[in-house]
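Below is one structure, written out as structure tokens; the observations come after it.
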Amino acid sequence: MGSRLRQVASLLRSNREAALGAVIVLAFAVTSLVVEAGILLNLQVVPYSPIQQNVGPLLASPSLAHPFGTDSLGRDLFSRIIYAMPNDVAVGYVVVASALAVGSVLGSFAGIYGGIADELLMRFTDVFFALPVLVLAMVIALLLGSGVTNMMIVLAIVWWPPYARLARGEALKVAHQNYIEAARLSGLKARKLIFEHVIPNISGTLLVYATLDIGTVILTYSGLAYVGLAVRYPYPDWGLMVSDYNAYVLSAPWLPLFPGLMISLGVIGFSLLGDGIKETMEKR
Amino acid sequence: MNLLRFALRRLLFAVLVLASVLTITFVLSHLIPGNVLQAWLGRSAAQFPNLAAAYAQKYHLTDSIPVQYFYYLVNMLQGNLGISPSRGFIPVGQVISETLPFTLQIVFFSFIFSLAMGLLLGILAARYYRSPADNAIRLFYLGGYSSPPYFIAVILLIVFSFYLGILPSGGAYDVSLTTPSIITGLPILDSLLEGNLAYFQSAMVHVLLPSFSLALASFGIITRVARSSLLEVMQTDYIRAARAKGLSEGAVFFRHALPNASVSLITISSLIVTFLITGTIFVESVFAYPGMGQFVVTALAGLDYPGVLATTLVFAVVIVATNFVADVLYAYVDPQIRLG
Amino acid sequence: MASLLEVSDLTVNYNSRGSQLKALNSVTLSVKSEEFLAVVGESGCGKTTLGLSIIGLLPPGSAWFSSGSIAYKGVDLASLRPKEMRNYRGSEIAMIFQEPLTSLNPLRTVGFQLVEAIKLRKSRRHKADVEAGARSRPLPGRPSMPSFGRARIPDDVAEEVEAMLSLVRIADAKDVVSRYPFELSGGMRQRAMIAMALAQQPALLIADEPTTALDVTTQAQVLKLMKEIKDKLGTTIILVTHDLAVASQVADRVIVMYAGRIVEDAGVFELFSKPLHPYTQGLLSCIPKGDRKGSELSPIPGSLPDLRFDVNACRFQPRCKYAMKVCSERVPPLFEVDEGHKVACFLHGE
Amino acid sequence: MRGTRWLVSYMANETPILRTVDLKKHYQRSGQTRFLSKGKKVTVKAVDGVSISIPRGKTLAIVGESGCGKTTLARTVALLTEPTSGEIHLDGAMIGVPGSDRRKAYQRMQMVFQDPDSSLDPRMRVGRIIEEPLRGLTDMSEADVETEATRSLVAVGLGEDFLDRLPRQLSGGQKQRVAIARAISTHPKLLILDEPTSALDASVQAQILRLLVELQDKFDLSYMLITHNIAVARYLSDIVAVMYAGNIVESGPTKEVTERPRHPYTMALIASAPDPDPWKRNLLSTEITGEVPSAISPPPGCKFNPRCPYAEGICSEISPPLEEVGPEHLVACHFSSKTVPK
């Protein structure tokens, strides 16, 4: 693992875009942790309570006191945006991690062993790709009910198939390598073969995809939030804020702009970082 | 004919996928908390006992699951998609036939914009690889596909509608105009066929912002794929061999590189359509465009299960149809599939 | 015979994974008209770079000429602008590559790709005629661009297409032109590639490992074909190969390369009867002849050097059993020991 | 009778290390692997009834061009793919049948692959790579595993300092040495060598060939060598079997077959192999046409008949059986009488 960390460090030094991405990703992660810790310890880490009304004038434009302005109920937009950050970040990481775990194991087994299991997985994912993920998530969300945790579950349910597809393809490439045959000749059992040779060798590609994909999860989650499936009032959420503040597009354009901007910023961070890693990997 | 056989096989596959989708929606409708009737009619089941009874009979809701499944399929295939509580208990099929044409209009125009913009910028970025132009294009598309479509819609709304005031802020046409009669079902096309130019102009102006929002959110994927597959193709042996013939760079690019790179663009195009059709959910609500996307949002808010399930089905049909077209196109372009 | 190509003191730098290396290091050679020259060496010796340098197809950005010249019929190709170089490519100098499958565009029929080359020659000739003030002939049609699908060969070039294909001994020309590369066997593909290379009647053909991807029986056919073409059309051929045995079969003269430099340059009979460079001798003794009892192999010890580190010494010296003190102090120049036999080794000069 | 006759009928008292009886490997391939591709399923007869036998301590070379089925034969013998029919006897015991212990078979038989780059897991250190079969196939203690691995590494001419290297830090020849070290770490009796030198440079190829000879003498190994290179087969093998389109068309003692080939294909193959001899220029005088037929739709009768200068009517009707034309020398040709060397 040490060598991997060193690789990442040298990448960040040589690729300015990737470094910028890493800074954004890190800043989001740290802020989220601080906010989460604040909630757990009952400390207020943001300037104002995100739900307290009339902390400033109504619909005030950005100022020193309220860097992102205030909304129609006089709530501080900056505090609301920071307070909402952990939702998006956590959903991104959790959903991608679960998809990565499920997809890489299923995909590797299917790719290496073929047969009926492979056929089933392929047909299942075929059908799956014909369904719009977001709409499917919405339908399942209707069943589970709204809430951030539920959205995590919903997205985790629909998110793994592309990972399984990718892992299968990569595993097939690995399967044609002679070291897999050599491992069979060494008496390795299926499970060991996959965990010792296949998954370590496809992990690079999958991790790059996952890094890029965290952004996509955040985008999709914000979509679910936008239609009101994620967070209950009065707690803030970026997607929900854009949707709620749409009404003030004319009178207070900063209201929908800032939360939207935060979503973009987060996604850009993961894209830059993922692209950077991908580029260095392909150079090899 | 190999291509024909291939197309038929893909068609059969498309039908099977749709059958699976139907099954999934059926299963989901049974997973909805409470009894099935409640699921289909929402909280209003108790309010309108007559309706509930008629509904239960039509869908055989008191029979065994396989029987229910059979009648569910029969009803769906006949276009009986249920009744929409969020739209005052009118049949969902009617809602969809009113809203789908508007959604398709947005999807069509945003696809054209997205493809044109994506291809053009992708080709430019590949030809001027690692130049300032390439970097600028990359920054542009990165911003585009990292932003939620509704956010882009809000920005466009602020700029073009409120700030510049050159495009309308919402709706699909000027309501004071006479609507065209139904020929193809698509208002823009119908008005053009009918010669109702006033309506045509108004509808075009209204469709611009929503479809452009979606195009901005999606063209990046095309640019990215076009750029990378062009760069990849330019590295191949056959490009080197074409250069060795003495072909000019332009001939190498347009005669050999571009056609080969377009193969991967076909696959990505069908993905774009999926993205666009789900994207309408967001931009239609921003622009109050009376399409299916907006209906989904109200249906979700009103716990209108039949509405949501039926729109899922319709979305799936559109996506499966696009995938089918893309598959056949792909096979047509790649001789190995066409003839193999 | 006049000299067609004079490469002198050519050095090509390569950028590979962040470090620079000299893929070619002051290479000097001359090729006579109608000569069949073989350039032999192991992987990384620079033989492919040499071929790509002559035709001006070094990968842009990662490889560049750092010194020297490539005089073709008196014109220095190394100093030409890309646009000027294009006039030589195909019409004067042609090249075929190792992998015939990947060197053919998979989406185009063989016919399309062959017609493309033939039409290119016609349009060039037309341009030359116009420039020379000749009464203008009718302009040849633009290369036809049948989108996708089996190409139909335009009538005005049909005869030529057939002639080219029969030249490379493809009997069923009508059938082959409408085929896609994936539908042909390896040998047919390489024949088609050769036909395309010869379509513009080049004076020089560079063949980069043209038979390495082929089976031995097919290799024999393709090598025979190349020899035939040289004899029939008088095309000068530079054959790049890793296989000394292949070189011995067809070449008039052989150049042996090691680590970016030429180590020996001699007529084929001279080289095989009297190899002078220890590396050439080593390579010859690496070829298994007969069984192990009768003729034990004597492999060259050690492995290929790392070109990223430039040294002022004979590159082969660490593996050489005759190594002397001077070998690690200076780079041996090419000594002409006999007429037409040059060797870069201090055993044979100074 | 075809299929039941072994290449070399051995002294009856010694069981050969490997024997196959009428081994077949056919596989189904469809033009497309996409959904519902019931259309054209074709049977590829990659190995179509091969009986071979390798005496202990000897080398059998299987020679042929790409697509002749030689690699499939090797993979079938190594139990990496299921045979369609036929028997494989390793060291007197039948393997590849239900009830036979794969682990035991692999203790006796290991394989070296063609491409050294893909033979070694890029993420594993050399030590771990060589130890893998020791851990998987034997019940040695951890300490013994390490000693054995080191011994094996030294035996292929690499020092202990290589144990901690990663494959990407090795040259092609060194990688192949590590692959050989892995194969011999458990003291197998038979090594299957699938084109062990064809991806290597000439100077390295010679080193590896020397190493293989050395190891064979030292450990009393038997080799099954798969190669397209007649010169390599001639150097390394005692017996040679020439494969064409899934069948063995000629076999016998290497010297006999390479010097007095009797099958027209063997003759063509040997004539096409370039000699490093500009005075002979054997290549330019050979008259071989056509290419190896597709394994999907081979011509009827003798599969070589469309390319054969001796072919007559019967050749496209009846597939010739392997017949003895000299001591231990078998040829499958209707007209082997015409090919007697003058």
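The values are calculated or read from the model by the stated rules, or taken from the named source; none is laboratory data. Only a predicted model underlies this, so the values are computations on that prediction, with no experimental measurement involved. Please note: Cβ atoms are built from the backbone with ideal geometry, for glycine as well, and neighbour counts cover all protein chains shown. Heavy atoms of the whole protein, side chains included, go into the accessibility calculation; ligands, DNA and RNA do not. Shrake-Rupley method; radii C 1.70, N 1.55, O 1.52, S 1.80 Å.
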* To do: Could you check A:G56 against (1) closer than 23 Å to A:G266 by Cβ; (2) open to solvent by less than 30 Å² (accessible area, probe 1.4 Å) and say which number it fails?
  => (1)
* To do: Looking only at the stretch B:171-187, decide whether some residue is under 25 Å from A:L219 (Cα atoms) and either within 14 Å of chain A (Cβ to nearest Cβ) or open to solvent by 10 Å² or more (accessible area, probe 1.4 Å) (or both).
  => no
* Asked: For residues in the stretch D:194-222 being under 13 Å from the mean Cα position of the chain (by Cα) and away from chain C (no Cβ under 12 Å), which is surrounded by the fewest Cβ atoms within 10 Å (Cβ to Cβ)?
  -> D:E195
* Out of the stretch D:296-305, which residues are surrounded by 13 or more Cβ atoms within 10 Å (Cβ to Cβ), touching a strand residue (DSSP E or B) at 6+ places or on another chain (Cβ under 9 Å) and away from chain C (no Cβ under 13 Å)? -> D:P298, D:C302, D:K303
* To do: Please state which of the following conditions B:R224 fails to meet, knowing it meets all the rest: (1) open to solvent by 50 Å² or more (accessible area, probe 1.4 Å); (2) away from every other protein chain (no Cβ under 14 Å); (3) not aromatic (F, W, Y).
  => (2)
* Here are some residues: A:L100, A:L106, A:L131, A:L136. Which one is surrounded by 18 or more Cβ atoms within 10 Å (Cβ to Cβ) and in contact with a Lys or Arg (Cβ under 9 Å, 6 or more places away or on another chain)? -> A:L106
* Asked: Within the set of pairs 6+ apart or on separate chains, which have a first residue in the stretch D:264-291 that is more than 23 Å from D:E312 (Cα to Cα) and facing another protein chain (nearest Cβ under 7 Å), a second that is outside any loop (DSSP other than H, G, I, E, B) and of a type in the set (D, E, K, R), and C-beta atoms under 6 Å apart?
  -> D:L284/C:K224
* Taking A:G115 as the residue in question, decide whether it is open to solvent by less than 10 Å² (accessible area, probe 1.4 Å) and on the phi > 0 side of the Ramachandran plot. => no
* To do: Might you check whether a residue that is closer than 19 Å to D:S203 by Cβ, over 26 Å from the mean Cα position of the chain (by Cα) and either outside the structural domain of C:G267 (by TED's automatic domain parsing) or free of Cβ contacts under 8 Å to residues at least 24 places away in the same chain (or both) occurs anywhere in the stretch C:323-339?
  => yes
* **Boolean, A:E181 is over 26 Å from A:M262 (Cα atoms) and open to solvent by less than 30 Å² (accessible area, probe 1.4 Å)** => yes
* Boolean, C:S69 is within 19 Å of C:A38 (Cα to Cα) and assigned by TED's automatic domain parsing to the domain that holds C:I255 -> no
* To do: Identify the single condition in (1) out of contact with any Pro (no Cβ under 7 Å at 6 or more places or on another chain); (2) buried (at least 20 other Cβ atoms within 10 Å of the Cβ) that A:R80 does not satisfy, given that it satisfies every other one.
  => (1)
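Of all residues in the stretch C:276-309 being touching an Asp or Glu at 6+ places or on another chain (Cβ under 7 Å) and either of a type outside the set (S, T, N, Q) or open to solvent by 60 Å² or more (accessible area, probe 1.4 Å) (or both), which is nearest to the other protein chains (Cβ to nearest Cβ)?
C:L304
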* Asked: Only one of (1) open to solvent by 70 Å² or more (accessible area, probe 1.4 Å); (2) part of a loop (DSSP other than H, G, I, E, B); (3) without any contact (Cβ under 8 Å) to a residue 12 or more places away in the chain; (4) not polar (S, T, N, Q) fails for D:R128. Which number is that?
  -> (2)
* To do: Name every residue in the stretch A:152-164 that is in contact (Cβ under 8 Å) with a residue 40 or more places away in the chain and within 13 Å of another protein chain (Cβ to nearest Cβ), in order of residue number.
  => A:V154, A:P162
* Conditions (1) under 24 Å from A:P62 (Cα atoms); (2) open to solvent by 10 Å² or more (accessible area, probe 1.4 Å); (3) part of a helix (DSSP H, G or I); (4) touching a residue at least 12 places away in the same chain (Cβ under 8 Å): number failed by A:D244 -> (4)
* Asked: List, please: which pairs have Cβ atoms under 9 Å, are six or more places apart or on different chains, and start with a residue in the stretch A:220-233 that is within 12 Å of chain B (Cβ to nearest Cβ) and within 16 Å of B:S285 (Cα to Cα) and end with one that is among the polar types (S, T, N, Q) and open to solvent by less than 20 Å² (accessible area, probe 1.4 Å)?
  -> A:G223/B:T278
* To do: Would you mention how many residues in the stretch B:72-110 are farther than 16 Å from B:Q57 by Cα, open to solvent by less than 20 Å² (accessible area, probe 1.4 Å) and outside any helix (DSSP H, G or I)?
  => 1
* Structure fact -> Residues of the stretch D:75-95 being more than 19 Å from D:T186 (Cβ to Cβ) and outside any strand (DSSP E or B), in sequence order, are D:R75, D:T76, D:T81, D:E82, D:P83, D:T84
* Structure fact -> A careful count of residues in the stretch C:205-222 that are of a type in the set (D, E) and at negative phi gives 2
* Looking at the stretch C:202-216, is at least one residue modelled with pLDDT under 90 and of a type in the set (G, A, S)? -> yes
* To do: Among the residues of the stretch D:240-263, count how many are open to solvent by 10 Å² or more (accessible area, probe 1.4 Å), in contact with a helix residue (DSSP H, G or I) (Cβ under 8 Å, 6 or more places away or on another chain) and more than 11 Å from chain C (Cβ to nearest Cβ).
  => 2
* Mind listing whichever residues of the stretch B:228-244 are at the interface with chain C (Cβ under 7 Å from one of its Cβ atoms) and open to solvent by 20 Å² or more (accessible area, probe 1.4 Å)? => B:T236, B:D237, B:Y238, B:R240, B:R243
* Any chance the stretch D:96-110 includes a residue that's crowded, with 22+ Cβ neighbours inside 10 Å and assigned to a helix (DSSP H, G or I)? -> yes
* Is the stretch A:131-148 home to any residue that is away from chain B (no Cβ under 14 Å), over 30 Å from A:H176 (Cβ atoms) and outside any helix (DSSP H, G or I)? -> yes
* **Failed condition for B:V154, given (1) open to solvent by 50 Å² or more (accessible area, probe 1.4 Å); (2) touching a Pro at 6+ places or on another chain (Cβ under 9 Å); (3) touching a residue at least 24 places away in the same chain (Cβ under 8 Å)** => (1)
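Would you be able to tell me the number of residues in the stretch D:131-166 that are in a helix (DSSP H, G or I), among the small types (G, A, S) and over 27 Å from the mean Cα position of the chain (by Cα)?
Of the residues in the stretch D:131-166, 1 are in a helix (DSSP H, G or I), among the small types (G, A, S) and over 27 Å from the mean Cα position of the chain (by Cα).
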* Just need a number here: residues in the stretch D:198-222 that are in a helix (DSSP H, G or I) and not β-branched (V, I, T). => 15
